[in-house]
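**Q** Before I ask anything, let me first share the structure, which is written out below as C-alpha cells.
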Amino acid sequence: MMSDLLRYLIPLAVLLCSACNTPGPGFRGVEATRITVAGATFDVRVDGARAEAIRLDRQWAPRLDSVAPQGVAAIERVSGCRVRRLGGDAALMTARLDCGQPLAPLPRGNTYDCDVYAITDGLAELTCEGVRY
C-alpha cells in the first residue's frame with residue numbers, strides 16, 4: 001500500500017520540481033539575473049568563480065549541446081568572466097569561471113533581452129537591453 005503511494009508521489013515531485021527555477025544548494029541566497037539570449041531565457045546566479053544558469057523557456061527536450069552556446073553567452077555576460085568549464089544539462093548548467101581577462105558584466109538582479117550579433121573565435125558578442133515589467 002505504501003509502496004503504491006510512493007510510486008505515484010515520487011514522479012509527481014520530480015515533475016513539480018522540474019518546472020521551477022530554484023537554485024542549487026551552492027547558490028541559495030544568490031540573487032538571479034534574468035537574461036534571454038537568442039530565444040533562450042535563463043536565471044543566472046554568480047558566486048565568485050562559479051555560476052549557475054537555469055533555463056526557463058519551454059523549448060522541448062533539448063540536449064545540452066543545443067542550448068549550451070546561449071547558456072555560456074548568458075553566464076559570461078552576467079558574470080563578466082569567461083566560462084572555463086560547463087557542466088550540467090539543458091535545464092541547469094553550472095560553470096567554472098576564468099576572471100583573468102574580465103569582460104564588461106551586466107548589472108545583476110535585472111532582466112535582459114540579448115541578441116547575438118557576432119561570433120568570433122567561439123565567443124558570442126551580444127547586444128542587451130534591460131526589460132521592464
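**Q** Among the numbered criteria (1) surrounded by 15 or more Cβ atoms within 10 Å (Cβ to Cβ); (2) modelled with pLDDT of 80 or more; (3) under 18 Å from Thr33 (Cα atoms), which single criterion is violated by Leu126?
**A** The one condition Leu126 does not meet is (2).
**Q** Additional query: Just name the residue that is modelled with the lowest pLDDT out of those in region 28-63 that are within 14 Å of Ala91 (Cα to Cα), outside any strand (DSSP E or B) and out of contact with any helix residue (DSSP H, G or I) (no Cβ under 8 Å at 6 or more places or on another chain).
**A** My answer is Ala61.
**Q** Just for region 85-121: of the residues that are free of Cβ contacts under 8 Å to residues at least 60 places away in the same chain and among the β-branched types (Val, Ile, Thr), which one is farthest from Asp43 (Cα to Cα)?
**A** Checking each candidate, the answer is Thr120.
**Q** If you check Ala73, Ala104, which single one turns out to be assigned to a loop (DSSP other than H, G, I, E, B) and either over 22 Å from Thr22 (Cβ atoms) or of a type in the set (D, E, K, R) (or both)?
**A** Working: Ala73 fails: assigned to a loop (DSSP other than H, G, I, E, B).
After ruling out the rest, the residue left standing is Ala104.
**Q** Quick one: what pairs do we get from region 23-34, first residue closer than 10 Å to Gly109 by Cα, second part of a loop (DSSP other than H, G, I, E, B) and of a type in the set (Gly, Ala, Ser), C-beta under 7 Å, 6+ apart or different chains?
**A** If the second residue must be part of a loop (DSSP other than H, G, I, E, B) and of a type in the set (Gly, Ala, Ser), the pairs left are Glu31/Gly109; Thr33/Gly109.
The values are calculated or read from the model by the stated rules, or taken from the named source; none is laboratory data. A quick note: this is a predicted structure, and the numbers were derived from the prediction, not measured. We place every Cβ from the backbone using ideal geometry, glycine too, and count neighbours over all the protein chains shown.
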